[in-house]
1. Just give me the residues in the range B:56-96 being assigned to a loop (DSSP other than H, G, I, E, B) and either free of Cβ contacts under 8 Å to residues at least 24 places away in the same chain or open to solvent by 30 Å² or more (accessible area, probe 1.4 Å) (or both), in sequence order.
2. In the list A:Asp224, A:Asp232, A:Asp174, A:Asp163, which residue meets the criterion of being of a type outside the set (A, V, I, L, M, F, W, C) and without any contact (Cβ under 8 Å) to a residue 24 or more places away in the chain?
3. Can you name every residue in the range B:154-173 that is modelled with pLDDT under 95 and either under 17 Å from B:Ala55 (Cα atoms) or crowded, with 19+ Cβ neighbours inside 10 Å (or both)?
4. Residues A:Ile50, A:Ile12: which one is in contact with a helix residue (DSSP H, G or I) (Cβ under 9 Å, 6 or more places away or on another chain), of a type in the set (A, V, I, L, M) and more than 30 Å from A:Thr334 (Cα to Cα)?
5. Take the residues in the range B:149-192 that are out of contact with any Leu (no Cβ under 9 Å at 6 or more places or on another chain) and over 27 Å from B:Asp127 (Cβ atoms); name whichever of them is farthest from the other protein chains (Cβ to nearest Cβ).
6. Considering only residues of the range B:193-217 that are within 8 Å of chain A (Cβ to nearest Cβ) and hydrophobic (A, V, I, L, M, F, W, C), which is surrounded by the most Cβ atoms within 10 Å (Cβ to Cβ)?
7. Filter the range B:119-156 down to the residues that are assigned to a helix (DSSP H, G or I) and polar (S, T, N, Q) and list them by number.
8. Among the numbered criteria (1) of a type outside the set (D, E, K, R); (2) in contact with a strand residue (DSSP E or B) (Cβ under 7 Å, 6 or more places away or on another chain); (3) surrounded by fewer than 23 Cβ atoms within 10 Å (Cβ to Cβ); (4) not in a helix (DSSP H, G or I), which single criterion is violated by A:Pro94?
Amino acid sequence: MHFGLSEEQDMIVNTVRAFVENEIYPHEAMVERTGQVPLELGLEIKQKVIDLGFYACNFPEEVGGAGLSHLDFTLVERELGRGSMALTHFFGRPQNILMACEGEQKEKYLLPAVRGEKMDALAMTEPDAGSDVRGMKCQAQRDGGDWVINGSKHFISGAEHADFFIVFVATGVDDTPKGPKKRITCFLVDRGTPGFEVREGYTSVSHRGYKNYILYFDNCRLPDAQVLGEVDGGFAVMNEWLYATRLTVAAFCVGRARRCFDHALSYAAERKQFGQQIAKFQGISFQIADMITEIDAADWLTLSGAWRLDQGMEANREIASAKLYASEMLARVTDATLQIHGGMGLMDDFPIERFWRDARVERIWDGTSEIQRHIISRDLFRPLGA
Amino acid sequence: MKVLVPVKRVIDYNVKVRVKADGTGVDLANVKMSMNPFDEIAVEEAIRLKEAGKADEIVVVSIGVKQAQETLRTALAMGADRAILVTAADDVHTDIEPLAVAKILAAVAKEENPGLIIAGKQAIDNDMNATGQMLAALLGWSQATFASEVAVDGDTATVTREVDGGLQTVKVKMPAVITADLRLNEPRYASLPNIMKAKKKPLDEKTAADYGVDVSPRLTVVKTSEPPVRQAGIKVGSVDELVSKLKEAGAL
C-alpha cells in the first residue's frame, strides 16, 4: 500500500490550490454580498482555466480533455472545494454524461463543451420528484417523428450560463409486478428552443451566487436527434456516467472542511479568554482533535473510492459511504468552527457563517444522506436476501 | 542562448516557522516545502526570455537533499527544459552554505556554458543574499542583482535594479549572473499539460563530490530564536489623546 501522491498529483494539487487562493478567494465576499458572479469575471476565470489546460480536465484526451484518472480529478475537485462554488463553476467540468453523444451530437455538444465554447446544465429534479427520480412528471410524447415535452424541472444549477441542457424526461410507463414504472429518456435541449423557458429559481441558504433555476416545457418540440443515449435509456446513461458525481460532492466537502479547519485552528490558538488561549481549554482542543480526525477519515474514504474506480473495482457502496460521511463531516466541522468563533462566527466579516450555510446542501443534493444509507445498506443486505 | 536557473527547496512561505526546542534551527519535519519564491520569479523570467526568442534552453539546478527533485519538477512543469539535481546532504535540516552552493553552481556553469544565470536574490529561509554574488565572482562574470526588469539584447543585458531610494539601470556584458527581485514578474501557474510533461523531461542526478566541492559548514549557528511578539495596540478616544500618546512615545 502506498498513501502518498505522485509528483504530478502533488503539482496538480498545488496548482489548483494556488489558483483558488489567488483567483477565487479575492472575489468571494463580493459574490456573497451581491448573490451573483458578474459575467465578465466568470468568463475571465474560464479563460484562465482554458489557458492552463485544466478546463474539462475530467474528459478523456481523445475528445480534447486532459484524461485525468478518477483519483487525479478527485484531487482537483477537493482543492476547488475550498473556494466559492459560484466562482469555481467557471473552472469548467462539463457533465461526463456528454461522452454518450453520438454522431452530430459530438460536434454540436460534446466538443464545444470540452473546449469551453458552450456550457451545459443537468436537469433531473422536479418539485414532486427529488430522491424519487422515477416519479418525474415532465414527459415527452411522440408526435409524428418528433417528441413534444411538457412539464418542469427545478433546482437547476448552472442554468444561468448554460447554452444547452441535459434533461431527463418520462417517455412512457411499463407495467411491472411491482406496479407501473416510468421509462426515462435523456434529451439535449438548446437554450432558446421554442416552448422551452428558463426562469429564476429560489433564493437558497447555501452557495449564494450559484443560483438555481426552473425550466419550463410547454409543447417543446424536439427531433430524435436530441436524444442522448437510447430512447427509454435514460437510466442507463445516468448510471453509466453520473455514477461518480457523488465523489465530487465528497471531495468538495473535504476541501471545504480543510479550509474551514484552518480558521478554527488558528483562531483557537490566538483567541484569549480567561487569561489564556482558548486552545488551552480541552473543550476547544478536543473538538479540534475530533475535527481533523474526521476530515482525514473523509479524505481517505473519498480518495479510496476514486482509486477503486480507477482499478475497475466495485465502488457503489464505497462512493455512497464517502458522500454520506464527508457531507455529514462537513456539517459537524463547520458547526464546531462556528462555535469556536463564538458570536463572531455568525457575522459575515468571517467566512465561517458562509461555510456553515453552504455545508447544509451537501447532505441533500446528489442523493440525500438517507438515499446514501439506503444504497449502502441494500448493498450489504441484498446478498443475504433481507 | 542557454539560461541556467538555480532553484532552492525551502519551507513554504505560508507555513508558520517553528524554532526547534534546542535552538539549533527551525523544525522542518513534516513541514510543507516549496520552491523559494524568488527562484520561481527567476524561472519565470527565463521562460519569458525563451518565449521571446532570446533563449533556447532553460536548465534548472538544485543543490540539497534528494527531495529537491520535487522542486525541480515544479520548475520543469512551469516550462524549464532540463534539470540537474546535485545531492549534497541527507538530512533536510542540513543547509548548504552559500559559498559551497556557489562553487557547485560555478562547476555546473563551466560544464553547461550558459549565456546567462538567473537566480533568486536570496532564499527566504536564511536570507543570506550571497550566492548570486559569490557565483559571479567565482566565474569572473558580470553581475546585476535585485533585478526588477531585464532586457537582453545581443551579448548585453540591461537590468533595472531596485536599490535603496530608487532604481538603478545597469548594462552588463554576458555571460552574466542576474538575481531576481520581487517585482521582476509574476510567476505563472504550471499548466496541466506541462505538469504531465514534466516527468518525461530529463533530470540528471549528481552529487557534490562529482564536482569536487567540499560542502562541510564554515559557519556555526549559535542560536535561533522566535522574533519578538508584537504588542497589542491601544484605542484612543480623541485626537488630543492621540497627540499626547504620540508625544509620550517620543514620536512627536
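The values are calculated or read from the model by the stated rules, or taken from the named source; none is laboratory data. Please read all numbers here as calculations on a predicted model, not as lab measurements. Reconstructed Cβ throughout: ideal geometry from the backbone, glycine too, with neighbour counts over all protein chains shown. Ligands, DNA and RNA are excluded from the accessible area calculation, which covers all protein heavy atoms including side chains. Shrake-Rupley method; radii C 1.70, N 1.55, O 1.52, S 1.80 Å.
1. Selection gives B:Asp56, B:Lys66, B:Gln67, B:Asp81, B:Asp90, B:Asp91, B:Val92, B:His93, B:Thr94, B:Asp95.
2. Values: A:Asp224 fails: without any contact (Cβ under 8 Å) to a residue 24 or more places away in the chain; A:Asp232 fails: without any contact (Cβ under 8 Å) to a residue 24 or more places away in the chain; A:Asp163 fails: without any contact (Cβ under 8 Å) to a residue 24 or more places away in the chain.
After applying the criteria, what remains is A:Asp174.
3. Selection gives B:Gly154, B:Asp155.
4. Working: A:Ile12 fails: more than 30 Å from A:Thr334 (Cα to Cα).
Going through A:Ile50, A:Ile12 in turn, the sole match is A:Ile50.
5. Top of the filtered list is B:Lys173.
6. It comes out as B:Ile195.
7. Matches in the range B:119-156: B:Thr131, B:Gln133.
8. Failing condition for A:Pro94: (3).
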